[in-house]
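Notes follow once the structure below has been shown.
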Amino acid sequence: SGRLWLNMNERIYDYKVDLEHNFHLFSSEKTWKIKFGGLYERKFREFGSRLIGVVALGTPPVDLYDPIEVIMDKENFYIDETRPYQHGLSYNDYTRKKDSYNAHDILQAGYLSLSIPITGKININGGVRVEKFNRLITDFYEPTPTPELFDIVRDTVDFFPSVNVTYNITNKHVLRASYGKTINRPEFREMSNFDYQDFEMFALVHGTDTLDNAYIQNYDVRYEWYPN
């Protein structure tokens, strides 16, 4: 019998540059390749929600197990504001202080990679990426008898190495081995104090500012066959 309004304004700005250079080392005929670049990304979000629901004042004028069209009949609603203790149904604003927040992310990253032809059959590609990540979620209220504003802050610097080794057995058969480190960062909603109703799970879901980043180590060994 309630209605929930959600409003979100999000803006994302990102800038990146990638450079690549081929060269020969020590007068070798083999071509080495170096790649490097950077990224700057900034994300802003303004989020707010408002929940209006029906509340029973005093003794409900109707059995709340009746069909919805019977319960929501306009005769059951109390609308006379001059009689504050009248029994009946009324609308109530259930919006809380923590149902809105402002947030921004700043990601600064740079990388360097090198492609090395060891022999005519073996190639190595390796590099490292560094990311400086800053998150700020503001305008939350502590759920205490005397609410106070607090901020959620996340400030990290991470290094992500990667390497890929390729062995060309023949023109049609290739053996590869690779390693890489990646990250999965929590979303705003997963860290914020805002909660929402999951109707499929019949549960109230809310985030937590203690949620950690997930760091993933990827290992891969594979054999490839190209018939044509």
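The values are calculated or read from the model by the stated rules, or taken from the named source; none is laboratory data. Since this is a predicted model, take the numbers as computed values, not measurements. When we count neighbours, we look across all protein chains shown, and the Cβ atoms used for this are built from the backbone with ideal geometry, even at glycine. SASA here: full protein model, heavy atoms, side chains in, ligands and nucleic acids out. Shrake-Rupley method; radii C 1.70, N 1.55, O 1.52, S 1.80 Å.
Some notes on this structure:
- Between R50 and D63, the simple spin-label model (points 7 angstrom out along Cα→Cβ) gives 3.7 nm.
- With the highest mean first, a sort of the peptides 104-116, 28-40, 204-216, 5-17 on other beta-carbon atoms found within 10 angstrom per residue produces 104-116, 28-40, 204-216, 5-17.
- Debye log10 I(q)/I(0) for the chain, one point scatterer per Cα, at q = 0.08, 0.13, 0.18 Å⁻¹: -0.57, -0.96, -1.30
- With 21 Å as the limit, the listed pairs K30/K121; K16/K43; K121/K172; K98/K132; K97/K132; K33/K121 have K98/K132; K97/K132 beyond it between alpha carbons.
- Check: region 25-127 dipole with +1 on Lys, Arg Cβ and -1 on Asp, Glu Cβ, in debye: 1320 debye
- Of the solvent-accessible surface of the chain, computed with a 1.4 Å probe and all protein chains present, 55% belongs to carbon and sulfur.
- Note that the chain presents 70 Å² accessible area per residue, ligands and nucleic acids not counted, probe 1.4 Å.
- The magnitude of the dipole of the chain, with charges of +1 and -1 set on the Cβ of Lys/Arg and Asp/Glu and taken from the Cα centre, is near 1720 debye.
- Along the axis of the charge dipole computed for the chain (Cβ charges of +1 for Lys and Arg, -1 for Asp and Glu, origin at the Cα centre), the listed residues V62, M8, S100 are led at the positive end by M8.
- GNM result for the chain, Cα springs below 10 Å: residue of R42, R189, R176 fluctuating most strongly: R176
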